[in-house]
1. Sort out for me the Cα centre separation of the stretch 32-111 from the stretch 186-233, rounded to whole Å.
2. Taking 0.36 nm per residue of sequence separation and subtracting the Cα-Cα distance, how much length would be gained by fully extending the chain between residue 49 and residue 159, in nm to one decimal?
3. How high is the FRET efficiency from residue 194 to residue 60, r the C-beta distance, R0 30 Å, rounded to 0.05?
4. Order these peptides, 18-25, 67-74, by their mean beta-carbon neighbour count within 10 angstrom, highest first.
5. Working from the alpha-carbon coordinates of the chain, get Rg over Rh, Rh being the Kirkwood radius.
6. Work out which helices of the chain, taken as complete DSSP H runs, extend at least 27 Å along their axis over the Cα atoms and score a mean Kyte-Doolittle of -0.5 or more, then list them.
7. With the contact rule set at Cα under 8 Å and sequence spacing of 6 or more, what percent relative contact order holds for the chain?
8. Out of the stretch 36-143, which GluC sites (Glu not before Pro) are coil in DSSP terms and have no more than 15 other C-beta atoms within 10 Å?
Amino acid sequence: MRVGIMTGGGDAPGLNAVIRAFVKRGAGQLGLEVVGIEDSLAGLLHQPLGVRNLTPRDCRGLLQRGGTVLGTTNHGDPFAYPQKDGSVKDRSGDIADSLRALGVEGLVSIGGDGSQRIAMRLMRERGIPVIGVPKTIDNDLAATDVTFGFRSAVDVATDALDRLHTTAESHDRVMLLEVMGRDTGHIALEAGIAGGADVILLPEIPYVPARVASKIHRRRAMGRTFTIIVVAEGALPVGASVADRAAALKRGGGASAIVVEALKPFVDSEMRVTVLGHLQRGGSPIPYDRVLATRFGVAAADAVAAGEWGKMVRLHNGVVDLVPLEQAVAANRYVDPDGDLVRVARATGVEFGA
């Protein structure tokens, strides 16, 4: 059997580890022919096609390597593919034609909820057998306990907080660290707890600026003349909208810039913003993510060999198994404002501004 494998959406530490494990298990032990599709589905929409055969010999050095050797994109839904004139066109049929021309009988899609939804449509509407592998550093797929790349992103954010503590204390500043998390605040919450943040602002908990300022003033009263604030990129004050965030981005700021402006009437401290951005996506995966990605890659190869199409591999109660794609994309995982991690953070003095 010839099977294609691709990576879609934003990159995440561990993508190459999945590819490596899938190829070593699938081509090395199960007799599969593996075709790597470059730049997500875009590799199937242009001539010459962006594809290459993958063998275990091609996997050397991939376990610890960040990014994805196949390339990726979060643009170009084949069901609404952008054209030069600004219109969109359904090119899903071209995807199916390219796979047939290559003799590819099935597709492994490594990606987040958007990539998995596209894969599900390709299976339903174009008859392309698909296996999904969950990937998102935001850890917002409810069907799996955790996604690879998330722990590495938390590690990067925690290291940044450790570094910001020393400079914040030296200059008596309010330091804001903005991390990824447009819709969910898992990175901000876990990094904030691990890095000893004083304030954590999440999309799930709209904040009142006066409450954040009160935390800064209480710390001053105790002789703590600096404050560390972690801000998820989707965090907004009470009453604000997504349009306000978009406007801030156009002005060259983001969630942290909104926080600074909102605090100015209440706080006279010097405030500085650090935006981690794509630093969270880059670099080598930590050991946890290497192991999880390897488990997912092996499970995907076994699923292909068993003909378990239309499913996504996942981690569930410590065991890697399969879940129907429909269930995999049915719900996102949000931070529970009343959950254990938020409770623990509050119990150690963290302010959420609610």
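1. Each part reduced to its Cα centre gives a spacing of 42 Å.
2. Numbers: separation 110, 0.36 × 110 = 39.60 nm, distance 4.09 nm.
Full extension of this stretch gives 35.5 nm more.
3. Numbers: r = 33 Å, r/R0 = 1.11.
With a Förster radius of 30 Å, E is 0.35.
4. Working: 18-25: 25.4, 67-74: 18.9.
Per-residue Cβ counts within 10 Å, averaged per peptide and sorted highest first, yield 18-25, 67-74.
5. Details: Rg = 22.1 Å, Rh = 21.4 Å.
Result for the chain is an Rg/Rh of 1.03.
6. Values: long enough: 150-171 (32 Å, -0.32); 287-306 (28 Å, 0.59).
Going by DSSP H runs, the hits are 150-171, 287-306.
7. Numbers: 772 pairs, mean separation 81.6, N = 354.
Across the chain, relative contact order equals 23 percent.
8. Numbers: sites: 38, 105, 125; in loops: 38, 105.
Listed in order of number, the matching sites amount to none.
We did not get these values from a lab; they are worked out from the coordinates using the rules stated. Here the structure is a predicted model, which means the values were calculated and not measured. Ideal geometry is used to build each Cβ from the backbone, glycine not excepted, and the neighbour counts take in all protein chains shown.
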